[in-house]
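Down below is the structure, laid out as structure tokens.
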Amino acid sequence: MKPVVALAALSGLCATLVACGGSPPPPPAPAAAPKPAAAAPTPAPAGAPKPATPAPGAAQPLLAVPAVPPPATASYDAKGRRDPFLALDLTGGPKGLEISSTKLTGIVRSARTTLALVETQDGIGYILKPGDTLGDGRLMEIAADSVVFAVTAKPGSPTNRVVLKLAAN
């Protein structure tokens, strides 16, 4: 091979290697940061220790950043209402309500379902379907003029059947 052709081939190979990859060039050296203008020193109170002055050419200490106060915590004033941040008690019905102290005031029948209208001694009415729980009992069935509740006195004890008849006016 002729020396001119070999030299051209070698330079072409080098150019290809440089263009295809290799390590990137080193990053430029960081420029010297301009020094901030010195603020007028504030006089220290009498008897206070003097801060140490750094040696020339030493790294400057970081300036203290004022502390940011923590955000205020949220508080909730219930004002007699239920606290929405607490879990709901879904055990059914009001506490202390006994089925034996309620009365059956009506039965509603439709093509799809049958509902029982039950009223407590306080005059509060409930609309129940079979399987619903009210106080200490669970509605088992709705007949033409009565309803049957299964009442458990204590957990683990046998259930009692309480039948409420529709009051005749």
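Read the figures in this text as sums done on the coordinates, not as results from a lab. Since the model is a prediction, treat every value here as computed from it, not as a measurement. For neighbour counting, all protein chains shown are included, and Cβ atoms are generated from backbone atoms with ideal geometry for every residue, glycine included.
Note on 99, 127: ascending count of other Cβ atoms within 10 Å places them as 127, 99, the fewest first. Computed from the C-alpha gyration tensor, the three semi-axes of the ellipsoid equivalent to the range 99-165 are 20, 14, 10 Å, from longest to shortest. Report note on the peptides 133-140, 152-159, 115-122, 72-79: ranked by the mean count of other C-beta atoms within 10 Å, highest first, their order is 133-140, 115-122, 152-159, 72-79.
Between residue 74 and residue 121, the modelled labels are 4.1 nm apart [label points 7 Å from Cα along Cα→Cβ]. Using the charge dipole of the range 97-140 (Lys, Arg: +1 at Cβ; Asp, Glu: -1 at Cβ; taken about the Cα centre), state which of 111, 134, 121 has its Cα farthest towards the positive end. Projecting each Cα onto the dipole axis, the largest value belongs to 111.
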